[in-house]
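The values are calculated or read from the model by the stated rules, or taken from the named source; none is laboratory data. Bear in mind that the values here come from a model prediction, so they are computed numbers and not experimental data. Cβ coordinates were reconstructed from backbone atoms using ideal geometry, including for glycine residues, and neighbour counts include every protein chain displayed.
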Amino acid sequence: MPSVKFPVVKGKRVVFPKDHLCPWCRKRKLGKPPGMAILNAGALRPTAPECYTMADTDAAFMTLVWHSNDPANYDDTSIHIADLVNTGQFELYFCSTECLRAFLNYCVDELERRRRSYRHRQVRYQKGNPGRQFATAYPLSRSRK
Ligand SMILES: [Zn+2]
C-alpha cells in the first residue's frame, strides 16, 4: 500500500500525482494505453443561462466527513482529499478503475481510522476537561496560511 499524504492536491498543485506513475500501484505510466481513470472535481461559474466556465478564482475542495449525531459518542472527523485548490478544479489520475477504487477505499478507511482516533483522544481530553467537546472537524470556511 502506498503512502498517501492528505490533502493530495492543495494550492497551486491541481493534479495528483506529481509524476507520471499511477499514485496507487506505482507500476504503470499514466500516459500509456489503454488509458487512465480520472477523478475530476471542482466548481463551475455560470456566465449566462446554461453556460459555465472554470471557477478559476475560487478554491476547490473535496472532503469526506463523519458527522456524529450522538452526544454520548461524539466523534466528528473529516479527511480533506483536496483543499483550497487555486484553480477551482482538480484531477486525480490512476492507471485503472481498480487503482481508483483502492484509493477511494483507502480514503474511507482513513476516515474510519480518524473516527477511532478521535474517540480515543476525546476520552483523554474529557478526563481533563469535564463537560467539554472538541470543535467541529470540518470548518465551512478557512483561510490560506
Ligand atoms: Zn495503478
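Here are the numbers:
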| quantity | calculated |
| --- | --- |
| The listed residue being of a type in the set (A, V, I, L, M, F, W, C) and over 11 Å from Cys99 (Cβ atoms), out of Ala37, Ala43 | Ala43 |
| Contacts under 6 angstrom Cβ, first residue in the stretch 1-25 being within 15 Å of His80 (Cα to Cα), partner surrounded by 14 or more Cβ atoms within 10 Å (Cβ to Cβ) and of a type in the set (Gly, Ala, Ser), 6 or more apart | Pro7/Ala82; Val9/Ala82 |
| Some residue of the stretch 98-112 being surrounded by fewer than 18 Cβ atoms within 10 Å (Cβ to Cβ), modelled with pLDDT of 90 or more and of a type in the set (Phe, Trp, Tyr) | yes |
| Selected residue [at negative phi and away from the ligand (no atom under 13 Å from the Cβ)] from Tyr93, Tyr106, Tyr74 | Tyr74 |
| Single unsatisfied condition, Trp24 versus (1) within 15 Å of the ligand (Cβ to nearest atom); (2) among the aromatic types (Phe, Trp, Tyr); (3) farther than 13 Å from Leu100 by Cα | (3) |
| Check on Ala82, under 24 Å from Ser3 (Cα atoms), touching a residue at least 60 places away in the same chain (Cβ under 8 Å) and either away from the ligand (no atom under 16 Å from the Cβ) or surrounded by fewer than 17 Cβ atoms within 10 Å (Cβ to Cβ) (or both) | yes |
| Condition met for Ala37 (within 13 Å of Phe90 (Cβ to Cβ) and either surrounded by 13 or more Cβ atoms within 10 Å (Cβ to Cβ) or not hydrophobic (A, V, I, L, M, F, W, C) (or both)) | no |
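One line per residue, one yes/no per condition, for (1) loosely packed, with under 13 Cβ neighbours inside 10 Å; (2) within 14 Å of the ligand (Cβ to nearest atom); (3) part of a loop (DSSP other than H, G, I, E, B); (4) not hydrophobic (A, V, I, L, M, F, W, C):
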| residue | (1), (2), (3), (4) |
| --- | --- |
| Lys5 | yes, no, yes, yes |
| Lys18 | yes, no, yes, yes |
| Lys32 | yes, yes, yes, yes |
| Thr47 | yes, no, no, yes |
| Asp58 | no, no, yes, yes |
| Leu64 | no, no, no, no |
